[in-house]
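All remarks here apply to the structure that follows.
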Amino acid sequence: MNDDNNSPEVDETDGADAETVEASAPAKDTAKDKGNPILEFRNINTHYGAVHILKDVNLAIYPGEMVCLLGGNASGKSTTLKTLLGMVTPTTGEVVLDGEVVNDKPTSYRVERGITMVPENRRLFKRLSVAENLQLGAYLRNDKAGIQEDLERIYSMFPRVYERLSQKAGTLSGGEQQMVAMGRALMAQPRVLLMDEPSMGLAPTLVQTNFELIEQIHQEGIAIFMVEQNANMALSLADRGWVLQTGRVVLDDTADALLANPDLRKSYLGEA
Ligand SMILES: Nc1ncnc2c1ncn2[C@@H]1O[C@H](COP(=O)(O)OP(=O)(O)OP(=O)(O)O)[C@@H](O)[C@H]1O
Ligand SMILES: [Mg+2]
């Protein structure tokens, strides 16, 4: 099949980096009572060739929370997710999953332990049916009964997906493809769902619906780590957020504090 690639991905993150925290409001309150992080970055640096992309990034994602990563174009957001999943290897620093350093572990190892990604542009296998795309999300699982149970849960969450099970994924609308991509990611039974710009390319009327679906997944107890350009929408849902600027975390705070930060858009997100 020569469709878009797209295996479930994993990723991970964390880290409150005191040196990079500029906001004064107390951050990370929401994370404190949540036990140990599932995913962490400890002083992560990445390079593409000689180009230094992520610079001493520290992040942490705790069970059940919703956090977002904001940043202007080319600030390193997708690279962060890819590094969490093991698609990009850091030059220095540690990617930590449940306390274990996983720098040398493949993406499949991370997926099996509960980290999955809905990639940028969804990346469905467009020539395969919706049903086949969903099945592929469970490619590391053998529990047939559990797989069937999860499929039914996804059908009830996304009735539109159920109506289109035999349709080729490439013929679906953007909003429908997003639902299939989320369903496929859920088939891996994630504890943390990484999402790379879930509202990108969706008609404006679908953006709100899409965020409602993300919130619904979060309500099931799954932690969400969301990269978004839509800062207001993402922060209105999230507990906490980080802002990346040319590969560095320049803000690390509660979502409320970030929403109230008058400099957020102009100074940090490169907006006019
Ligand atoms: N495979 C690669 N090889 C070389 N450079 C890359 C590669 N992938 C990304 N880059 C560069 O790394 C930088 C960060 O890219 P990244 O995709 O992480 O940014 P981003 O914040 O997700 O951007 P966008 O908002 O456009 O999605 C960019 O300058 C990009 O051109
Ligand atoms: Mg990106």
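The values are calculated or read from the model by the stated rules, or taken from the named source; none is laboratory data. Source: prediction; values computed, not measured. Here the Cβ positions follow ideal geometry from the backbone for every residue, glycine too, while neighbour counts run over all protein chains shown.
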Residue match in region 126-148 (condition: of a type in the set (Phe, Trp, Tyr) and modelled with pLDDT of 85 or more): no
Residue within region 110-132 that is of a type in the set (S, T, N, Q) and buried (at least 19 other Cβ atoms within 10 Å of the Cβ) present: yes
Total residues in region 56-87, condition surrounded by fewer than 19 Cβ atoms within 10 Å (Cβ to Cβ) and closer than 12 Å to Arg248 by Cα: 3
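Scan region 56-77 and tell me whether some residue there is near ligand 1 (Cβ under 10 Å from one of its atoms), under 28 Å from Ala169 (Cα atoms) and of a type outside the set (Asp, Glu). Write out each step before concluding.
If we filter region 56-77 for residues that are near ligand 1 (Cβ under 10 Å from one of its atoms), which is where we start, we get 69-77.
Then keep just the ones that are under 28 Å from Ala169 (Cα atoms); that gives 77.
The next check asks that each one be of a type outside the set (Asp, Glu); those that pass are 77.
Yes, that holds for at least one residue.
Residue under question is Leu136, and the condition is that it be under 28 Å from Val67 (Cα atoms), out of contact with any Lys or Arg (no Cβ under 8 Å at 6 or more places or on another chain) and among the aliphatic types (A, V, I, L, M); does it hold?
Details: under 28 Å from Val67 (Cα atoms): yes; out of contact with any Lys or Arg (no Cβ under 8 Å at 6 or more places or on another chain): no; among the aliphatic types (A, V, I, L, M): yes.
Taking the combined requirement at face value, the residue does not satisfy it.
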Selection from region 170-214 of residues that are of a type in the set (A, V, I, L, M), in contact with a strand residue (DSSP E or B) (Cβ under 9 Å, 6 or more places away or on another chain) and away from ligand 2 (no atom under 16 Å from the Cβ): Met182, Ala185, Leu186, Met187, Ala188, Val192, Leu193, Ile214
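Can you tell which of Leu186, Leu251, Leu258, Leu193 is surrounded by 23 or more Cβ atoms within 10 Å (Cβ to Cβ), within 16 Å of ligand 1 (Cβ to nearest atom) and at pLDDT 90 or above?
Working: Leu186 fails: within 16 Å of ligand 1 (Cβ to nearest atom); Leu258 fails: within 16 Å of ligand 1 (Cβ to nearest atom); Leu193 fails: within 16 Å of ligand 1 (Cβ to nearest atom).
Result of the check over Leu186, Leu251, Leu258, Leu193: Leu251.
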Identity of the residue in region 94-127, closer than 23 Å to Asn45 by Cβ and part of a strand (DSSP E or B), that ends up farthest from ligand 2 (Cβ to nearest atom): Glu100
Pairs, first at positive phi in region 71-83, second within 6 Å of ligand 1 (Cβ to nearest atom) and outside any helix (DSSP H, G or I), C-beta under 6 Å, six or more apart: Gly76/Ile53
Residue within region 208-231 that is within 16 Å of ligand 1 (Cβ to nearest atom) and of a type in the set (Phe, Trp, Tyr) present: yes
Residue count for region 136-152, restricted to those that are assigned to a helix (DSSP H, G or I), surrounded by fewer than 14 Cβ atoms within 10 Å (Cβ to Cβ) and acidic (Asp, Glu): 2
Per-region count, region 37-55, residues over 19 Å from Asp253 (Cβ atoms), assigned to a loop (DSSP other than H, G, I, E, B) and under 19 Å from the mean Cα position of the chain (by Cα): 4
Listing of helices (runs of 4 or more DSSP H) fully contained in region 157-250 that carry 2 or more residues being small (Gly, Ala, Ser): 174-186, 231-237
